[in-house]
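**Q** Following this message is one structure expressed as structure tokens.
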Amino acid sequence: MARPATLSAVVIGVVFFGLVGLLLYGVLVSDRADREALPSPLIGKPAPEFELPLLHQPGTLFSSQELRGQPYLLNVWGSWCPGCRVEHPVITRFAETRRVRVVGYNWKDEHADAMRWLEQFGNPYWLVLVDYDGRKAIDWGIYGAPETFLVDAAGIVRWKHVGPVDDTVLAESLGPVLDSLGVAR
Amino acid sequence: MIAALRRRCALPMAWLLAALLLAPGIAAAQAVRDAAPLQFQDAAEERRFHALVAELRCVMCQNQSLADSNAQIAHDLRREVFDLMRSGRSDDEIRSFLVERYGEFVLYRPRFSGHTALLWLAPGLLLLAGGVVVVRIVRARGKRPLTAEEEQEW
């Protein structure tokens with residue numbers, strides 16, 4: 001007589017507290033700075049192949065094959081993008097350490113604006129690829145700027161960060177991945 | 001950091017601001033950036049396109065579908081979907097194309113697999129659990145003799 005009622009109470013309790021727990025988790029997660037960042041399905045997969053013009057040599061096409069053999073950081077930016085200005089000094093400092101090549105990916109921009117931006121703030125990039133209609137960016141799963149990828153020597157995407165890179169991201173997120181790849185400090 | 005991420009939405013916002021400030025001059029500038037509107041061959045193609053983009057999520061402004069969003073990336077992805085349709089890809093192939101690049105998140109209707117099983121089954125399981133509880137309570141009450149008050153006829 002009492003048994004079914006107890007069982008029902010247990011089921012109701014489990015469901016109720018389960019839902020409360022789920023909501024609590026949602027509230028806690030909503031506090032995370034990167035809550036809107038999508039995990040990239042490209043991690044651990046080969047980086048997309050491309051042939052893109054270079055910002056400083058508009059006539060020349062640069063092939064992704066030429067980046068093989070050494071890891072590189074691909075930094076997506078545009079002169080229109082305020083977050084890119086925020087991370088620019090951080091990217092510059094990282095590039096100056098010469099741990100890996102930093103390749104710029106000038107996305108949905110205009111040539112004159114991009115050149116002026118680099119002139120004004122400095123050019124930290126080993127070279128700058130140009131994708132103004134944004135077609136190749138879709139292969140990378142790029143959906144905003146700034147975004148930053150790490151591709152290893154074999155052309156495999158190892159890491160991605162959405163939003164401005166800061167010192168904490170470099171030290172706590174990118175650093176360990178670089179170490180695991182055996183990139184010298 | 002949150003503010004910085006929010007600033008990622010700056011491209012469409014900047015256009016909006018520019019449009020307000022430079023209303024007369026903006027038409028030409030927009031025309032350069034936005035390609036011509038998509039030209040459909042026939043009504044069937046247009047219906048297929050709209051049905052497809054309505055169930056794809058804009059990755060930038062995440063609570064809008066690809067069909068609704070005005071973000072530049074949504075515009076680019078709509079064009080990509082259109083081009084894939086034109087090149088003879090099926091709806092499923094187009095969905096897979098986007099999932100490979102942006103993840104399962106782009107699908108408003110995620111596919112049934114190991115890690116989405118709970119998502120799909122939870123409503124049914126909850127309903128079942130609720131049903132079991134209701135049946136048990138009703139049965140328990142049925143077995144109990146009525147109290148004097150309950151016996152009373154009105």
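**Q** Where does helix A:82-97 land angle-wise versus the long Cα axis of chain A, in degrees 0 to 90, nearest 10?
**A** Between helix and principal axis, roughly 70 degrees.
**Q** Something else about it: Apply the Karplus curve 6.51 cos²θ - 1.76 cosθ + 1.60, θ = phi - 60°, to the phi angles in the range A:74-81 and return the couplings in whole Hz, x for Gly and Pro.
**A** Residue by residue, the range A:74-81 yields 9, 10, 7, 8, x, 5, 7, 9 Hz.
**Q** So in chain A, what percent of DSSP beta bridges are antiparallel if you round to the nearest 5?
**A** 60 percent
**Q** Just add up the charged neighbours of A:ARG185: K/R +1, D/E -1, any other residue whose Cβ is under 9 Å from the Cβ of A:ARG185.
**A** It works out to a net charge of 0.
**Q** Among the GluC sites (Glu not before Pro) within the range A:1-103, which fall in a DSSP loop and have no more than 15 other Cβ atoms within 10 Å of their own Cβ? Write down the numbers at each step before the final one.
**A** Values: sites: A:GLU36, A:GLU49, A:GLU51, A:GLU66, A:GLU87, A:GLU96; in loops: A:GLU36, A:GLU49.
Counting only loop positions with at most 15 other Cβ atoms within 10 Å, the GluC sites (Glu not before Pro) in the range A:1-103 are A:GLU49.
**Q** Among DSSP beta bridges whose residues both lie in the protein assembly as shown, state the antiparallel percentage, nearest 5.
**A** Values: 17 of 28 bridges.
In the protein assembly as shown, approximately 60 percent of DSSP beta bridges are antiparallel ones.
**Q** Next question, about the same structure. Can you compute the FRET efficiency between A:SER63 and B:LYS143 using 1/(1 + (r/R0)^6), with r the Cβ-Cβ distance and R0 = 45 Å? Round to the nearest 0.05.
**A** After rounding, the FRET efficiency stands at 0.05.
**Q** Can you give me the angle between helix A:2-29 and the longest principal axis of chain A, using Cα atoms only, in degrees from 0 to 90, rounded to the nearest 10?
**A** Computed tilt is about 20 degrees.
**Q** Let me ask another. Tell me, what HN-Hα J-couplings in whole Hz come from the Karplus equation 6.51 cos²θ - 1.76 cosθ + 1.60 at θ = phi - 60° for each residue of the range A:107-124, using x for Gly and Pro?
**A** Once rounded to whole Hz, the list reads 10, 6, 10, 10, 3, 4, 4, 5, 5, 5, 4, 5, 5, 6, 9, x, 10, x.
**Q** List the lysines whose alpha-carbon lies under 20 Å from that of A:LYS136, not counting same-chain residues fewer than 8 positions away?
**A** Straight-line reach from A:LYS136, under 20 Å: A:LYS45, A:LYS108, A:LYS160.
**Q** What list of ³J(HN,Hα) couplings, whole Hz, do you get for the range A:142-156 from phi and the Karplus terms 6.51, -1.76, 1.60, once you set θ to phi - 60° and write x for glycine and proline?
**A** 6, 10, x, 10, x, 9, 9, 10, 10, 10, 7, 4, 8, x, 9
**Q** Another question about this same structure. Where in the range B:103-154 are there trypsin sites (Lys or Arg not before Pro) that are in a DSSP coil and have at most 16 other Cβ atoms within 10 angstrom of their Cβ? Numbers along the way, then the final one.
**A** Numbers: sites: B:ARG111, B:ARG136, B:ARG139, B:ARG141, B:LYS143; in loops: B:ARG111.
Taking the range B:103-154 and a limit of 16 other Cβ atoms within 10 Å, the loop trypsin sites (Lys or Arg not before Pro) found are B:ARG111.
**Q** Just to confirm a number: summing +1 for Lys and Arg and -1 for Asp and Glu over residues other than B:PHE112 whose beta-carbon lies under 14 angstrom from that of B:PHE112, what do you get?
**A** +1
**Q** Along Cα→Cβ, 7 Å out, is where each label goes; now give me the distance between the ones at A:ARG135 and B:ARG111 in nm to one decimal.
**A** A separation of 2.6 nm, rounded to one decimal place.
**Q** Now for a separate question. Before rounding to the nearest 500, sum -39500 (n - 2.57) across all DSSP H runs of length at least 4 in chain A and divide by the residue total; then give [θ] at 222 nm in deg cm²/dmol. Before the final figure, lay out each step's value.
**A** Values: 5 runs with 66 residues, N = 185.
Computed ellipticity for chain A at 222 nm equals -11500 deg cm²/dmol.
**Q** Around A:TRP159, which amide H atoms from residues at least 5 apart in sequence, or from another chain, sit under 5 Å from its own amide H, with H modelled in the peptide plane?
**A** Those qualifying (amide H under 5 Å, at least 5 residues apart or on another chain) are A:LEU150.
Bear in mind that the values in this text are calculations on the coordinates, not laboratory data. None of these values were measured; they are calculated from a predicted model. Heads up, the Cβs are rebuilt from the backbone with ideal geometry, glycines too, and the neighbour counts pull from every protein chain shown.
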